[in-house]
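Please treat every number below as a calculation from the coordinates, not as lab data. Computed from a predicted structure; not experimentally measured. Positions of Cβ are generated from backbone atoms using ideal geometry, with glycine treated the same way; all protein chains shown enter the neighbour counts.
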Amino acid sequence: MSQPLPSLPTRPSDGHKGTFGRVLIIGGSTGMSGAISLSGVSALRSGAGLVSLALPEPILPIVASYEPSYLCIPVPPDLNGRVSLEAQVVLDESIPKMDAAAIGPGLGRSENLNRIVAHLYQNAKLPMVFDADALNALADQKEILSQHTGPRILTPHPGEFARLIGSEISHIQKHRESLAVEFAARHEVILVLKGAGTIVTDGKRTRVNETGNAGMGTGGTGDILTGIIASLLGQKMLPLEAAQLGAYLHGLAGDLAAEEFTQRGMIASDLLKTIPDAWRIMQAEDTANLTR
Ligand SMILES: NC(=O)C1=CN([C@@H]2O[C@H](COP(=O)(O)OP(=O)(O)OC[C@H]3O[C@@H](n4cnc5c(N)ncnc54)[C@H](OP(=O)(O)O)[C@@H]3O)[C@@H](O)[C@H]2O)[C@@H](O)CC1
Ligand SMILES: Nc1ncnc2c1ncn2[C@@H]1O[C@H](COP(=O)(O)OP(=O)(O)O)[C@@H](O)[C@H]1O
Ligand SMILES: [Mg+2]
């Protein structure tokens, strides 16, 4: 049976930006500066107190000028403008100061990135979202999937999940729920299998998300989900609940964007504007449930 929607994260009236979580998002590369920018704003719009983006130094001016409300941590680039192996020192210094992290949007692929992703997956104690190219890095080293030290939320679309389990997209789409449950249980992770009817499961408890629409099939919407879930983790939601509530908020923001701009006309950054209205609707529903 599909799980009920979790309650919203608490927001104490005397809370401050420290209370609401420090979130680190690692990604970006030359040509894919948009992905991490979208994740950064969505993390802020989802309620995190402080959002920092760790990204290759050459794209910092582009990302920083997109939105003044997040911080940017420059890391040394490789020759192709991706995060280099030397970045690991900077990341290891930043992570202990954070409440939650995410890696992947616009990261790109390289042997050294595989090493960085493996290092974080295996050693970072904080709750962490793995998306996009971080999932591709994990797919290259499947033997480490069960070797993690903190809560791990993996957010593949069917193409990324096919690489992770060494299967075909058509097979995944036929058996979405059972494959997601089996993977989450085997590796003790939270799996968010995206696409129409996103499945969120820890292998024991499963929720099939009911919000969202085909207008969300446009570049960058997944990067926004990554920021949302990282933000909810930073606000101390339990990992499964953060993923379930995050998927719902994301789809609802997509539904509101479709109402305003149409499914054909909407683009990913429209969701950054509709997240607040999605929160408004969810707050009203949450209050109604509590007083019922
Ligand atoms: N503005 C920016 O900077 C942006 C940067 N981005 C960055 O680009 C990088 C590459 O990421 P990516 O997801 O575009 O490429 P990739 O993993 O090859 O996936 C494509 C494959 O998956 C499949 N597929 C996907 N969804 C499916 C579904 N619902 N149902 C079924 N199939 C589905 C799809 O299938 P097909 O087209 O074959 O039908 C295809 O095979 C990454 O770093 C990301 O962060 C993007 O975030 C965009 C905005
Ligand atoms: N037909 C659909 N119905 C509902 N949601 C969809 C649909 N198509 C795509 N989405 C959602 O849009 C997002 C796309 O994520 P992803 O493929 O990672 O995009 P990107 O990497 O370009 O940011 C996912 O959250 C997915 O569930
Ligand atoms: Mg994606």
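Side notes on the structure shown:
- Restricting attention to the stretch 223-244, the residues being buried (at least 24 other Cβ atoms within 10 Å of the Cβ) and either among the polar types (S, T, N, Q) or closer than 16 Å to residue 275 by Cα (or both) number 13.
- Boolean, residue 70 is in contact with a His (Cβ under 8 Å, 6 or more places away or on another chain) and free of Cβ contacts under 8 Å to residues at least 60 places away in the same chain: no
- First in the stretch 180-195 and in contact (Cβ under 8 Å) with a residue 24 or more places away in the chain, second anywhere and more than 16 Å from ligand 2 (Cβ to nearest atom) and part of a strand (DSSP E or B), Cβ under 6 Å, 6 or more apart: 189/152
- One residue stands out in the stretch 36-48 among those that are in a loop (DSSP other than H, G, I, E, B) and over 8 Å from residue 23 (Cβ atoms): the one that is farthest from ligand 3 (Cβ to nearest atom), namely 47.
- Residue match in the stretch 133-147 (condition: assigned to a strand (DSSP E or B), touching a residue at least 24 places away in the same chain (Cβ under 8 Å) and not small (Gly, Ala, Ser)): no
- Residues that are under 22 Å from residue 95 (Cβ atoms) and either within 15 Å of ligand 3 (Cβ to nearest atom) or in contact with a Lys or Arg (Cβ under 9 Å, 6 or more places away or on another chain) (or both), drawn from the stretch 8-31: 9, 19, 20, 21, 22, 24, 25, 26, 27, 28, 29
- Scanning the stretch 148-169 for residues that are within 16 Å of ligand 2 (Cβ to nearest atom) and either assigned to a helix (DSSP H, G or I) or free of Cβ contacts under 8 Å to residues at least 24 places away in the same chain (or both) turns up 158, 159, 160, 161, 162, 163, 164, 169.
- Filtered by the rule that a residue be touching a helix residue (DSSP H, G or I) at 6+ places or on another chain (Cβ under 7 Å) and surrounded by fewer than 18 Cβ atoms within 10 Å (Cβ to Cβ), the stretch 120-138 gives a lone residue, 122.
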